[in-house]
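In what follows, a structure is listed as structure tokens, so that the remarks can point back to it.
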Amino acid sequence: MSFSIFADSDETSRKSRSTSLGDRIHKLRVQRKLTLREVADKAGISFGYLDDIELGHVDVQAVTPRELQLIAHGLGVSLDALRSKQEHGK
């Protein structure tokens, strides 16, 4: 039974990492008054995929470095700004 507890912890950890990336994308996007469609188009990635990342439905480990660069470009920020866990614009 302890295995299922660890499995739940791993799943929670993965979900929180994904959510924190999604939260950063969302925060940066809203601060810049951009729609998901605008960012996705500028980044050259699908709207649905970006939406899934922002909602935390995609494991952050599955997002490639190239995709992170494209998303940062779509948001008009540096890759470092996208990776930063600090709040932006305050």
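Readers should treat all values here as calculations from the given coordinates under stated rules, not as data from a laboratory. None of the values given here were measured: they were computed from a predicted structure. Cβ: placed from backbone, ideal geometry, glycine included. Neighbour counts: every protein chain shown.
Details
- Efficiency of FRET between residue 46 and residue 80 - r from beta-carbon atoms, R0 25 angstrom, step 0.05: 0.50
- Counting Lys and Arg as +1 and Asp and Glu as -1 over every other residue whose Cβ lies under 10 Å from the Cβ of residue 38, the net charge comes to +4.
- Net length available on complete extension from residue 63 to residue 32 is 8.9 nm, with 0.36 nm assigned per residue and the Cα-Cα distance removed.
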